[in-house]
Number of protein chains: 2
Amino acid sequence: MPQYKAPLRDMQFVLHELLKAEDHYAQLPAFSDTVSRELVDQYLEAAADFCENELSPLNQVGDREGCTWNDGVVTTPTGFKEAYQKYIELGFPSLSAEEQYGGQGLPVSLGNIISEMVGTSNWAWGMYPGLSHGAVRTLEHHGSQEQKDAYLPKLVSGEWTGTMCLTESHAGSDLGIIRSKAEPQADGSYAISGEKIFISAGEHDMAENIIHIVLARLPGAPKGTKGISLFIVPKFNLNADGTVGERNAVRCGSIEHKMGIHGNATCVINFDNAKGFLIGPENRGLNCMFTFMNTARIGTAVQGLSASEGAFQGALAYAKDRLAMRSLSGPKAPEKEADPIIVHPAVRNMLMTQKSFAEAGRALVYLLSFHADIVEQGATEEERKFSDNILSLLTPIAKAFLTETGSESAKHGVQVFGGHGFISEHGMEQIVRDTRISCLYEGTTEIQAIDLLGRKVLGTQGAMLKDFTKIIHKFVEANKDNAAMKEFVEPLAALNKEWGDLTMQIGMKAMQNPEEVGAAAVDYLYFSGYVTLAYLWARMALVAQETLAAGTTDVDFYNAKVTTARFYFKKILPRVRSHVEVIAGGLDPLMALDAEHFAF
Amino acid sequence: MPQYKAPLRDMQFVLHELLKAEDHYAQLPAFSDTVSRELVDQYLEAAADFCENELSPLNQVGDREGCTWNDGVVTTPTGFKEAYQKYIELGFPSLSAEEQYGGQGLPVSLGNIISEMVGTSNWAWGMYPGLSHGAVRTLEHHGSQEQKDAYLPKLVSGEWTGTMCLTESHAGSDLGIIRSKAEPQADGSYAISGEKIFISAGEHDMAENIIHIVLARLPGAPKGTKGISLFIVPKFNLNADGTVGERNAVRCGSIEHKMGIHGNATCVINFDNAKGFLIGPENRGLNCMFTFMNTARIGTAVQGLSASEGAFQGALAYAKDRLAMRSLSGPKAPEKEADPIIVHPAVRNMLMTQKSFAEAGRALVYLLSFHADIVEQGATEEERKFSDNILSLLTPIAKAFLTETGSESAKHGVQVFGGHGFISEHGMEQIVRDTRISCLYEGTTEIQAIDLLGRKVLGTQGAMLKDFTKIIHKFVEANKDNAAMKEFVEPLAALNKEWGDLTMQIGMKAMQNPEEVGAAAVDYLYFSGYVTLAYLWARMALVAQETLAAGTTDVDFYNAKVTTARFYFKKILPRVRSHVEVIAGGLDPLMALDAEHFAF
């Protein structure tokens, strides 16, 4: 079983050397006095310690035991509850919450960075505190003062947890067709009825109360997405003094048997005239939710990064240790009965692929997290707006591309282990199963692709894309005379231009038939993902080369960065060629077959 | 849960219309009098009935219950034993075995065709009778008359089952380093000692006896692959009259907890001075095994085909039924609250991908199975030799490419179901888990790739490849003036030429450094797989077009074939472009990083 080791050196490289975290925080009024490098590093180290020593050992326990449901009561795996208590004691739940409710008022980005470590060591566990963030943010932004006072302190401290009760069995991502109802009551509350599914951490034994944020329809609400309101529905109603009172009519009907994340309870939650409270304006529930869509999706992108990192760690250790066959160019460990499998090019290809996805994925998540900081705390409206655009464009890319590449990395993890990869004790197959959900929830890859190409790119007549390709263009221009960067800058420049051309071509076709957008979207997303990571690899290569040129004792680390960038450009980036050709194939080959003639 | 429906119409298309099964069997002396279309169709229908009604309902039961181990005794899931009894009663175990031992003497190909149905409906179950084939074939080809008489009748009837005990914990695919020992005894038998792992169907409650075929070393045997011998080791020793006698010193030490195929017992088998009998010549055990390597690998290729077919069936039914969102070109089912998801191009893309892999995969498996028939029963040495070459070349392609595309199809199955795909009851995630092993056992994808490029293609100076590209060339030449075939023939001709050029390029590089073969092999395998399926799709399109031109009442079926071929050429085949570019990237980007510098 793989023991997680937090990649602190690489995290610090991305934070401090690539993205200049200190400068970033110094420019944000809310953090300029409080967030120093020492503070950041201190949090990272505390989180690393907790994840390596508390969460990682529980990862396989959670998978093996799963959660158990008994007449509405859900019991989490051995050790989960105790780890959660420790997490509270260490103050992690309150990290980025507002100070007036007991939060530490630290940047969102710091939370995301820590969530990679939590997620890689034990994703299923991490979802219990993770889901609370959505509830906290909803309350912070849309709750009345009374609601904030009643719920936030306990949610922020971690004593209570929260959920997001959105979809229903028939609805999936199509929230416009949900049916749960909210009937106004004489006391100003609402009677909530309906069945919600896929409620992560919807019921468990880790906290005293669970605060559900629920989407439901008011009587006579308009059909579709414009008739949905948001409600707070606690598992236990609160007494007048704010303490936990009697049980509300909220019940966990069952938990799902699923492919992975067994340690997290995915609940069917039944509301049977449960007492609820409207949060935000009537019929604007989805808008309120959308406020946090980007944050939630970056959170899911982290799961992809975690899968790449976790699978890489496991596969690397095994590939250095396991002996099989001889190198095609002659024995590399002649004293042993076979060579360690890391000598074989095919094994190295898988390891380098995982490594290049994990490290650039980390850079992308941090970059987006910094933009999220600016959206919330930027000094000027202009800065906030610009970061919001970049965030809106890159979030579907990060969500879909990092989760898909995370799944690919997980697959390589199994493959490096050979037959042993299929065996549970080695931990590799669990990563495949656990991370598979990341391509589905918070909007599937296909939905992210439509969001990217339809809404963000074509929906803004290319303006949002141009904001980002300009950044790449600037980077390319700044380095075009740097001979050492030529191998990266030239292909990046060409692809950056091609990104615009490709968009134009699809846009022209879409004017004839809007379904061309649907036909091109997934390949367009992959193209965008590969180019985005190429940009980040080029930037990382530049930092490494500059550091090497300036002199450093850490030569191996920086050389490895340049080598990995080179691998990415030569062995991963060519994948865009297929996506471009598939896009050129257009819509017709997909639509020509009548639905009734798919099978006979 | 998806109910399996045998794709008989498509199976008959491939068998009779594409590959002219009657002509094929008529040309083989062993079958010319016995195997008619009626007989073949009768077997297919009987197998379809059994698979749909007996095996398919047990597929999820097997996954959920798994096998249980208790002090060396293994219990299979509910219903498995009874289904096996029915399978025996229906006479399936004896299908392609020799008649003198109670077999029906039917072609190997018929067995493979039926194994697709068994495998798609319940792969884990199918491995119990499936593993017996290896033992039967080993005995048929290498056993003494006495051994044949003792073991074959009961194995052929299915009363006993067989296993192949090859690898050990430290060895994986590197069988040259196995350590199990065989000590000659005074009575001419051998005392076998060692621990074998990954023994599928190694212990169970379905048969009276289990006949293990075991690799072990004789005292003083040469090191490596040339010092391994093959032994028969029964679970129960036989009495003088051939009945089951006392227990041999063979014990199932444990069963593996694994990602999938839970219904099949993957055993650790301990031999503790067990009584065994040499089969075949001393130290030539691996050579004896290699006789069936191609057959076993086609068997695994079937698992990939099964995954594509099973995931396609599940996803198609769901996509036609499930309502979500509206088509981007306006409502297609305005009377419903949303459109069925099959209207969305991204969903169709996944379905068409599965369909194109399943149908061309079927064609490839049948084609190889026919060549396997010829290798065993061909009228002339020349025919047998030619088919052996084609089989040797195409087997690693079929094994690796169909299992990888099967895994891709399974992934799409989950994705079409959205969040529900992650939930066990829908059956989609089980296919992902069950089929994952197919890319690992019988030689991983990476090992198949080296076998293809290193051994088969470059190892014969391109001769084996030329045998196949000539066949494609002939097809291209014969149809170059057919305007309706232009869209298929032109790209196929270009890729067929490119296949040779690409091989030449890699061959040149490999002369400088043999590791270039390892660097290129996996991408080369994918390239070869896509082109091979393109050839089969072009052939299927031709048959369909000719049938349509000649007039048929089955217009929709043949039109669907042409449409799917077109999809394959426009939307799948362009993937070769990336593989060609990645191959051009060469070895250096993979080897540049020191093994110690992968992580810091």
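Values as computed for the structure displayed
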item: Nearest-10 value in Å² for the accessible area of residue A:141, using the 1.4 Å probe; result: 90 Å²
item: Inter-copy label distances at residue A:224 (7 Å, Cα→Cβ; nm, one decimal); result: 7.3
item: Per residue solvent-accessible surface (Å²) - the protein assembly as shown, probe of 1.4 Å; result: 35 Å²
item: From phi via Karplus (6.51, -1.76, 1.60), per-residue ³J(HN,Hα) for region B:268-279 in Hz, x at Gly/Pro; result: 8, 10, 9, 10, 10, 6, 6, 6, x, 10, 4, 10
item: Against the rule of thumb 2.2 N^0.38 Å, how large the Cα Rg of chain B comes out; result: 0.98
item: Cα shape, region B:421-519, gyration tensor, a/c 1.5 rule; result: oblate
item: At R0 = 22 Å, FRET efficiency that the Cβ-Cβ distance of residue B:185 and residue B:239 yields, to 0.05; result: 0.75
item: Inter-centroid distance (Cα atoms) of region B:336-352 relative to region A:321-373, Å; result: 38 Å
item: Share of carbon and sulfur in the accessible heavy-atom surface of the protein assembly as shown [1.4 Å probe, %]; result: 52 percent
item: C-alpha center-to-center spacing [region B:528-545, region A:533-585] in angstrom; result: 38 Å
item: Shortest-first nm distances, residue B:273 label point to equivalent points in other copies (7 Å, Cα→Cβ); result: 7.8
item: List B:229, B:32, ordered by accessible area with a 1.4 Å probe, largest first; result: B:32, B:229
item: Table column - 3J(HN,Hα) (Hz), region A:54-67, Karplus curve with 6.51, -1.76, 1.60, x for Gly and Pro; result: 9, 7, 4, x, 8, 5, 7, 4, x, 5, 6, 7, x, 9
item: Accessible area buried at the A-B interface, both sides summed, 1.4 Å probe (Å², nearest 100); result: 8400 Å²
item: Leading residue at positive end of dipole, the protein assembly as shown (Cβ point charges), from B:445, A:504, B:286; result: A:504
item: With Cα atoms, 0 to 90° folded angle of helix B:345-377 axis to chain B main axis; result: 50 degrees
item: With DNA, RNA and ligands ignored, accessible area of residue B:217 (1.4 Å probe; Å², nearest 10); result: 40 Å²
item: Cα gyration tensor category, rounded, prolate or oblate, for region B:129-220 with a/c compared to 1.5; result: oblate
item: Long-range HN-HN contacts of residue B:254 with modeled amide H, under 5 Å; result: B:268
item: Residue mean of other protein chain beta carbons inside 10 Å, A:572-581; result: 6
item: Inter-chain shielding of A:333-342 (mean C-beta neighbours from other protein chains, 10 Å cut-off); result: 2
item: Mean ellipticity per residue at 222 nm, deg cm²/dmol - from DSSP H runs of n ≥ 4 across the protein assembly as shown, formula -39500 (n - 2.57); result: -17500 deg cm²/dmol
item: Cβ neighbours within 10 Å from other chains - mean over A:244-257; result: 1
item: Where labels lie 7 Å past Cα in the beta-carbon direction, separation of residue A:291 and residue A:596 in nm; result: 5.0 nm
item: Förster radius 22 Å - calculated FRET efficiency between residue B:82 and residue B:49 (Cβ-Cβ, nearest 0.05); result: 0.85
item: From phi via Karplus (6.51, -1.76, 1.60), per-residue ³J(HN,Hα) for region A:405-419 in Hz, x at Gly/Pro; result: 5, x, 5, 4, 4, 5, 4, 4, x, 4, 5, 4, 6, x, x
item: Area of residue B:455 that stays accessible when all protein chains are in place (1.4 Å probe, Å², to 10); result: 150 Å²
item: Solvent-accessible surface ranking, highest first, for A:523, A:339 at 1.4 angstrom; result: A:523, A:339
item: Cross-link pairs A:320/A:570; B:355/B:411; B:385/B:470; A:385/A:466; A:336/B:226; A:399/B:258 - those with Cα-Cα distance over 20 Å; result: A:320/A:570; A:399/B:258
item: Proportion of all alpha-carbon pairs of region A:452-590 beyond 18 Å (%); result: 58 percent
item: Under-5 Å amide H pairs with residue B:245, H placed in peptide plane, nonlocal only; result: B:237, B:238, B:239
item: Mean separation of Cα contacts under 8 Å, 6 or more apart, over the residue count of chain A: relative contact order %; result: 12 percent
item: Folded to 0 to 90 degrees: helix A:463-479 orientation relative to chain A principal axis, Cα; result: 30 degrees
item: Euclidean distance of C-alpha centroids, region B:252-295 and region A:165-188, integer Å; result: 56 Å
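The values are calculated or read from the model by the stated rules, or taken from the named source; none is laboratory data. These numbers come from a predicted model, not from an experiment. A quick note on method: Cβ atoms are made from the backbone with ideal geometry, for glycine too, and the neighbour counts reach across all protein chains shown. Areas reflect the complete protein model, heavy atoms only, side chains present, ligands, DNA and RNA absent. Shrake-Rupley method; radii C 1.70, N 1.55, O 1.52, S 1.80 Å.
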